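Visitor: So that we are looking at the same thing, I have put the structure below in structure tokens.
Please treat every number below as a calculation from the coordinates, not as lab data. Since the model is a prediction, treat every value here as computed from it, not as a measurement. Here the Cβ is made from the backbone with ideal geometry for all residues, glycine too, and neighbour counts use every protein chain on show.
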Number of protein chains: 2
Amino acid sequence: MSFHLTILGTGSANPVVTRNATSHFLMVEQEGYLFDCGEATQTQLIRYKLKATRIKYIFITHLHGDHFFGLIGLLSTLNMHHRLDDLFIYGPKGLSEILTLQMKYSDTRLNFKVHFQETRSEESYLLMENEFVKVTTIPLVHRVSCCGFLIEEKEKPRRIIKGLLPPHISIEQIKCLKEGNDVLDENGEILYSSDFYTTKAPESDSYAFCTDTAYHPDIIPIIKGVKLLYHETTFLHELEERAKETCHSTAFQAGLIAKEAQVGNLLIGHFSSRYKDLTPFINEAKEVFPKSILGEDGLTIDFRDLL
Amino acid sequence: MSFHLTILGTGSANPVVTRNATSHFLMVEQEGYLFDCGEATQTQLIRYKLKATRIKYIFITHLHGDHFFGLIGLLSTLNMHHRLDDLFIYGPKGLSEILTLQMKYSDTRLNFKVHFQETRSEESYLLMENEFVKVTTIPLVHRVSCCGFLIEEKEKPRRIIKGLLPPHISIEQIKCLKEGNDVLDENGEILYSSDFYTTKAPESDSYAFCTDTAYHPDIIPIIKGVKLLYHETTFLHELEERAKETCHSTAFQAGLIAKEAQVGNLLIGHFSSRYKDLTPFINEAKEVFPKSILGEDGLTIDFRDLL
């Protein structure tokens with residue numbers, strides 16, 4: 001298992017043809033996690049041949065249109081496609097009310113159950129967890145209540161070195177070894193997990209989704225050491241003042257956060273429509289934090305490839 | 001002056017990459033009339049280099065998502081672009097409530113005034129008029145309350161034949177002649193409007209926007225003789241039963257309506273996502289009504305070119 005991410009949109013509030021509004025699609029163990037859902041996200045899913053039916057969890061950072069106007073359309077389409085599986089939505093106060101009202105007037109009754117959980121943005125807390133991952137909120141600073149999300153793979157079991165196991169070992173004993181515990185064999189000999197029969201588990205994946213936000217170093221302890229940090233970069237640093245006024249960040253500031261938080265890699269996006277050429281963004285971020293990646297619509301990142 | 005139409009989307013409820021959701025943009029005397037506003041309509045306006053700022057009137061047929069989910073995004077963007085001009089929106093009960101709720105939670109206060117008028121779909125009535133056009137509703141048959149719109153250019157003034165006018169004729173007298181009235185010149189001679197100094201006004205333009213609807217011949221008297229009829233054709237006639245169940249029409253049925261209503265031309269669209277090749281649609285419509293036009297995203301129609 002590893003995380004597999006597709007960027008569905010790298011635009012910001014003002015729409016442009018070449019960059020869709022924000023949405024990131026993360027696959028973990030055949031289950032889809034959607035972060036934000038700007039207008040036409042459902043079309044982007046089709047464009048990049050991703051299965052919307054796989055989406056099980058949807059996280060909405062805040063209620064500015066370029067982050068959630070596509071959600072009602074996506075839900076309607078999932079319903080039209082006869083989805084039956086439960087869907088889990090995490091988002092700010094008001095989101096559930098907006099969706100409910102639209103469904104009322106369009107006479108839409110969902111065939112599937114939606115578990116809606118309202119988010120708070122005052123403090124970081126564990127939002128959800130399942131067998132594979134846990135998701136923690138990241139309070140951000142924006143013009144409306146806004147929180148990002150940190151999704152972390154749970155610790156992976158150690159890997160068994162096949163061929164070295166003695167005969168007659170039970171499945172229960174193998175499970176113990178993978179969990180790092182030693183076991184006794186049928187002769188009363190100790191089989192050591194760490195020394196012989198298993199190797200260390202591969203590093204767990206983790207992804208932090210931080211948008212929209214002013215430069216806000218308070219998030220650093222929360223995202224410390226994350227494998228991939230997505231941080232919005234609406235402006236270049238020459239417009240630092242404009243970034244401050246509108247509660248957005250510059251590429252330089254995203255680089256600073258990445259550096260201070262010692263993250264593995266930085267991914268940037270949410271570019272203002274005023275910029276056509278994005279080269280200055282990646283150059284600016286790399287000056288501070290060399291392991292920066294320029295977001296673009298349709299870009300895919302297999303976390304196994306991240307250095 | 002003439003009508004100038006751009007098709008922004010020819011898709012139906014199930015999204016496809018090649019056909020956006022429904023929206024038609026009509027320009028009349030430098031003012032834009034938008035009919036329906038499916039998701040990502042604002043991006044289509046940019047793609048086809050149309051000025052969203054020109055939009056003064058928006059007409060929404062019904063509250064199924066592929067006809068209005070793009071409206072809130074369009075309004076937000078107009079606001080972000082500092083629009084100050086009044087906007088007139090005509091749509092069903094519930095639309096205003098939905099827009100208001102979304103603006104509340106996204107902390108959006110519009111800089112411009114929106115005049116919202118709720119439509120009724122039980123009977124045909126005059127919905128609005130201005131200096132140039134009048135718009136009448138067309139009750140349609142769909143799964144939710146739905147009405148189409150007939151927009152008719154007001155009678156144009158006669159055209160003055162320049163060079164033939166006597167000297168010393170006043171602007172007031174020219175206006176009388178254009179309106180078809182005879183006037184007395186300074187010598188007490190009658191200047192005849194129709195016989196000499198003017199020619200007949202060009203035919204007024206008219207456009208009927210009929211979507212979504214089951215086959216419904218009751219609309220024929222309302223749209224009789226319209227220069228261009230847009231009629232939805234979600235299915236081919238081989239799926240007539242499916243069309244009936246879902247309150248949509250087939251290309252054959254749209255052709256029948258066009259023929260019976262003796263319209264000038266028929267434009268078809270709102271194609272089900274199951275169809276990739278649309279040739280069978282235009283063939284089917286043309287079998288009944290030869291002057292049929294296949295809708296496609298980005299198609300423009302100058303009404304002066306319609307035969």
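Visitor: Taking θ as phi - 60°, what are the ³J(HN,Hα) couplings along segment B:89-101 by the Karplus curve (6.51, -1.76, 1.60), each to the nearest whole Hz, with x for Gly and Pro?
Guide: Karplus-based 3J(HN,Hα) across segment B:89-101 equals 10, 10, x, x, 3, x, 4, 4, 5, 5, 4, 4, 5 Hz.
Visitor: Tell me the distances, shortest first, between B:Ala201 and the same position across the other copies, using label points 7 Å along Cα→Cβ, in nm to one decimal.
Guide: 8.0
Visitor: Quickly rank B:157-163, B:129-135 as a protection proxy: mean count of other C-beta atoms within 10 Å, highest first. Working shown, then result.
Guide: Values: B:157-163: 12.4, B:129-135: 15.6.
The peptides rank, most packed first, as B:129-135, B:157-163.
Visitor: So what's the gap between the Cα centers of segment A:244-307 and segment A:135-171, to the nearest angstrom?
Guide: When both Cα centres are located, 24 Å separates them.
Visitor: Then there's this: Using θ = phi - 60° and the Karplus curve 6.51 cos²θ - 1.76 cosθ + 1.60, what whole-Hz ³J(HN,Hα) does each residue of segment A:141-151 get, with Gly and Pro shown as x?
Guide: Values per residue, Gly and Pro as x: 10, 9, 6, 10, 3, 8, 9, x, 9, 10, 10 Hz.
Visitor: I need the shape label for chain A. Rule: rounded when a/c is under 1.5, else prolate if a/b > b/c, else oblate, with a, b, c from the alpha carbon gyration tensor. Working shown, then result.
Guide: Values: a/c = 2.25, a/b = 1.45, b/c = 1.55.
Verdict is oblate for chain A.
Visitor: Once you place label points 7 Å from the Cα toward the Cβ at A:Ser194 and B:Asp185, how far apart are they in nm?
Guide: Going from the A:Ser194 label point to the B:Asp185 one covers 11.4 nm.
Visitor: Take every DSSP beta bridge whose two residues both sit in segment B:40-170, then give the antiparallel share in percent to the nearest 5. Let's see the in-between values first.
Guide: Numbers: 10 of 18 bridges.
Once the DSSP bridges in segment B:40-170 are tallied, antiparallel ones form about 55 percent.
Visitor: Find every distance from the label point of A:Pro221 to the corresponding label point in the other copies (7 Å from Cα along Cα→Cβ) and write them in nm, one decimal, shortest first.
Guide: With the label placed 7 Å along Cα→Cβ, A:Pro221 yields 7.6 nm.
Visitor: Do any trypsin sites (Lys or Arg not before Pro) in segment B:167-210 lie in a loop, going by DSSP, with at most 16 other beta-carbon atoms within 10 Å of their beta carbon, and if so which?
Guide: Loop-located and lightly packed - B:Lys200.
Visitor: Hey, could you get me the Stokes-Einstein D for the protein assembly as shown, Kirkwood radius over alpha-carbon pairs, 10 °C and 1.306 mPa s, rounded to whole µm² s⁻¹?
Guide: Working: Rh = 27.4 Å.
Taking Rh from Cα pairs, D becomes 58 µm²/s.
Visitor: What is the average number of partner chain Cβ atoms found within 10 Å of a Cβ in B:100-108?
Guide: Working: counts 1, 6, 10, 1, 4, 12, 12, 6, 4.
The shielding value for this peptide is 6.
Visitor: In addition: Sequence-distant or interchain residues sharing an amide H contact under 5 Å with A:Leu8, placed H: which?
Guide: Under 5 Å from the amide H of A:Leu8 lie the amide H atoms of A:Ser23, A:His24, A:Phe25, A:Gly298, each far enough along the sequence or on another chain.
Visitor: If you don't mind, there's one more thing I want to ask. Run through segment A:1-84 and list the GluC sites (Glu not before Pro) located in a DSSP loop whose Cβ has at most 13 other Cβ atoms within 10 Å. Please report the intermediate quantities before stating the final value.
Guide: On the way: sites: A:Glu29, A:Glu31, A:Glu39; in loops: A:Glu29, A:Glu39.
Loop-located and lightly packed - A:Glu29.
Visitor: If you average the C-alpha positions of segment B:33-83 and of segment A:16-74 separately, how far apart do those two centres end up, in angstrom?
Guide: So the separation of the two Cα centres works out to 21 Å.
Visitor: Could you give the length gained by full extension between A:Lys175 and A:Glu203, i.e. 0.36 nm per residue of separation minus their alpha carbon distance, to one decimal place?
Guide: Values: separation 28, 0.36 × 28 = 10.08 nm, distance 1.89 nm.
Length difference between fully extended and current span is 8.2 nm.
Visitor: What percent antiparallel are the DSSP beta bridges of the protein assembly as shown, to the nearest 5?
Guide: Working: 62 of 113 bridges.
Around 55 percent antiparallel, to the nearest 5.
Visitor: Do any GluC sites (Glu not before Pro) in segment B:200-295 lie in a DSSP loop with no more than 10 other beta carbon atoms within 10 Å, and if so, which? Don't jump to the answer; show the numbers that get you there.
Guide: Values: sites: B:Glu203, B:Glu232, B:Glu238, B:Glu240, B:Glu241, B:Glu245, B:Glu260, B:Glu284, B:Glu287; in loops: B:Glu203.
Answer in residue order: no site qualifies.
Visitor: Set the Förster distance to 41 Å, then compute FRET efficiency between B:His168 and B:Glu118 from the Cβ-Cβ distance, nearest 0.05. All intermediate terms of the calculation are to be shown ahead of the outcome.
Guide: Details: r = 53 Å, r/R0 = 1.30.
The computed FRET efficiency comes out at 0.15.
Visitor: Let me ask something else about it. For segment A:159-199, just say rounded, prolate or oblate: build the C-alpha gyration tensor, square-root its eigenvalues into a ≥ b ≥ c, call rounded for a/c under 1.5, and beyond that prolate if a/b exceeds b/c, oblate if not. Kindly include the intermediate steps, with their values, before the conclusion.
Guide: Numbers: a/c = 1.41, a/b = 1.29, b/c = 1.10.
Rounded, since a/c falls under 1.5.
Visitor: Just the number, please: percent antiparallel of the DSSP beta bridges in chain A, rounded to the nearest 5. Please list the in-between numbers first.
Guide: Values: 31 of 57 bridges.
That works out to approximately 55 percent antiparallel.
Visitor: Point me to the residue of chain A whose C-beta lies closest to the A-onto-B rotation axis, rounding the distance to whole angstrom.
Guide: Closest Cβ on chain A to the axis mapping it onto B, in Å: A:Ala40, 2.
Visitor: Can you bin segment A:87-159 into rounded, prolate or oblate? Criterion: square roots of the alpha carbon gyration tensor eigenvalues sorted a ≥ b ≥ c, rounded for a/c under 1.5, prolate for a/b above b/c, oblate for the rest. Please report the intermediate quantities before stating the final value.
Guide: Values: a/c = 4.05, a/b = 1.44, b/c = 2.82.
Because a/c hits 1.5 or more and a/b fails to exceed b/c, segment A:87-159 counts as oblate.
Visitor: Treating only the Cβ atoms of Lys and Arg (+1) and Asp and Glu (-1) as charged, compute the dipole magnitude of the protein assembly as shown about its Cα centre; round to the nearest 20 debye.
Guide: Values: 64 positive and 82 negative charges, 93 e Å.
Result for the protein assembly as shown is approximately 440 debye, rounded to the nearest 20.
Visitor: Using only DSSP helix segments of four residues or longer, with each worth -39500 (n - 2.57), what per-residue ellipticity at 222 nm results for chain A after dividing by its residue count and rounding to 500?
Guide: Numbers: 9 runs with 71 residues, N = 307.
One gets -6000 deg cm²/dmol as the mean residue ellipticity at 222 nm.
Visitor: In sequence order, what are the phi-derived ³J(HN,Hα) couplings for segment A:74-84 according to the Karplus relation 6.51 cos²θ - 1.76 cosθ + 1.60 with θ = phi - 60°, rounded to whole Hz, with x for glycine and proline?
Guide: 5, 4, 4, 5, 4, 5, 5, 8, 6, 4, 10
Visitor: Around A:Phe59, which amide H atoms from residues at least 5 apart in sequence, or from another chain, sit under 5 Å from its own amide H, with H modelled in the peptide plane?
Guide: Counting only residues 5 or more places away or on other chains, the set is A:Leu34, A:Phe35, A:Asp36, A:Tyr90.
Visitor: Given the Cα-Cα distance of A:Arg159 and A:Glu245 and 0.36 nm per residue of separation, how much length would full extension add, in nm? Before the final figure, lay out each step's value.
Guide: Working: separation 86, 0.36 × 86 = 30.96 nm, distance 5.06 nm.
Value of the extension gain: 25.9 nm.
Visitor: Could you state the angle between the C-alpha long axis of helix B:279-288 and the longest principal axis of the C-alpha atoms of chain B, as a value from 0 to 90 degrees rounded to the nearest 10?
Guide: Tilt relative to chain B: about 50 degrees.
Visitor: Further question: Under the convention of a label 7 Å out along Cα→Cβ, give the distances in nm from A:Lys154 to the same position in every other copy, shortest first.
Guide: Copy-to-copy label distances for A:Lys154: 7.2 nm.
Visitor: Cross-link partners among lysines for A:Lys156, C-alpha distance below 27 Å, same-chain residues fewer than 8 apart left out?
Guide: A:Lys156 reaches A:Lys51, A:Lys56, A:Lys134, A:Lys175, A:Lys178, A:Lys200, A:Lys224, A:Lys227, A:Lys259, A:Lys291.
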